[in-house]
Every structure is written in structure tokens, then in C-alpha cells.
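Structure, as C-alpha cells:
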Amino acid sequence: MGFEKGVRRGRVWDDANALHQQLLKFPFATTGSNENAFERGFATTLMSTEERYNQEVITQIKKGVSVQSVFAFGKKHRPDMTIGENGIAVELKFIRYGGLKDAIGQGYLYRLKFKFVFLVLILSEDRKSVYESIENGEEKDLDDTLHHLADDLNIFTYLVPSFEVKKPGMRKVIQYFEPRL
């Protein structure tokens, strides 16, 4: 079994562009203290704006539907939310210490079933220095890896701070997604 074919045109790609816009506007710099709080907040936002999408928004908190899982390594792996049955998988991770490797691994597994994968890595206040070092270009290997995932594998990563970004010129979201122009 190979990756689901994901072409960057058509209805699913339109949904990917709409999701991209929504991720850029979502207020991740909140008092959320754990991953579940962020997942619930973003899932609720997606559900309330479902009319923007061509496919159904499916979340773990929405009654009557269930998020499709990917079976690998003897276990079912399920993204936090999806847009469509096999269109877009969304995985949110609240990063306090580790978690980046796990998120990338999950992204690979979700690509088996979904055309596009969005990894949203929410960095805690404790990881502020990591966010700043990425933003300052001090993490070239990580930057290259995330570009490769986006460009070659349709796994798009968003690094978002759960803290307020106050430094002039610093982006509020570091994203690895090239929207349609």
C-alpha cells in the first residue's frame, strides 16, 4: 500500500487552501494548558465553519461520525480531525518537551490514507527559545526536513506559539504550505 494520491488542484486542494487560511487566523496564543483544550477549540471552529469546505468536517467531538483510522504496527492510528473520508487529516500536538518526531511519524502514517496531512505543532511557553531559533534560521536541518515533507509528501507543518509573539518581525505562525495563488 502506498500513499493516497494527492494532487494540488481540485476540490480537496481547495479545502486545503481554506484550512490553511483558517489555521493562520486561529488564536493559538490562549490559556490552553493541554493538547485536548487546543483540539477541542480548533475542532469546534472547524465544525462551525464547515460551509467553507467541499467535504464534511469530521472531528472526534462531533456526534454521529467517526474519524477514519490508519492501521499500522498492529494498532489503529487516528488523526484528531479530517476534512472528508480520505481528503485531509489534521493532527494537533502541544509541544512541551518532545513530540516533533512523533508528529512527523504520525504524518507519514496518515498519508497512507489521506491525500494531505496538516501537522499543527503548538509550542508551549517552555519551548519559546525553540520557536525563536527556528524563526532566526538556526534550525536549518529541521527547516529542510519540514520543506521536504511539504514539497514532496503533502505533509504540511505549522509551528504556532501558545504564547504571545512580541518581537518585531517575528512571524505569528511558521508554516510549510504553499497556497494556491
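Values in this text are rule-based calculations from the coordinates and carry no lab data. Since this is a predicted model, take the numbers as computed values, not measurements. For neighbour counting, all protein chains shown are included, and Cβ atoms are generated from backbone atoms with ideal geometry for every residue, glycine included.
Odds and ends about this structure:
- Qualifying residue in region 60-68 (condition: out of contact with any Gly (no Cβ under 8 Å at 6 or more places or on another chain), of a type in the set (A, V, I, L, M, F, W, C) and touching a residue at least 24 places away in the same chain (Cβ under 8 Å)): no
- Single residue of region 69-116 satisfying the filter (within 13 Å of the chain's Cα centre (by Cα) and of a type in the set (Lys, Arg)) that is nearest to Val7 (Cα to Cα): Arg111
- Applying the set (1) among the basic types (Lys, Arg); (2) more than 17 Å from the chain's Cα centre (by Cα); (3) loosely packed, with under 13 Cβ neighbours inside 10 Å to Lys25 leaves exactly one unmet item: (2).
- Test: residue in region 131-154 that is crowded, with 21+ Cβ neighbours inside 10 Å and of a type in the set (Val, Ile, Thr): no
- Filter result for Lys76 (of a type in the set (Lys, Arg) and either in a helix (DSSP H, G or I) or within 22 Å of Lys25 (Cα to Cα) (or both)): no
- Qualifying residue in region 169-179 (condition: touching a residue at least 60 places away in the same chain (Cβ under 8 Å), surrounded by 17 or more Cβ atoms within 10 Å (Cβ to Cβ) and in a strand (DSSP E or B)): yes
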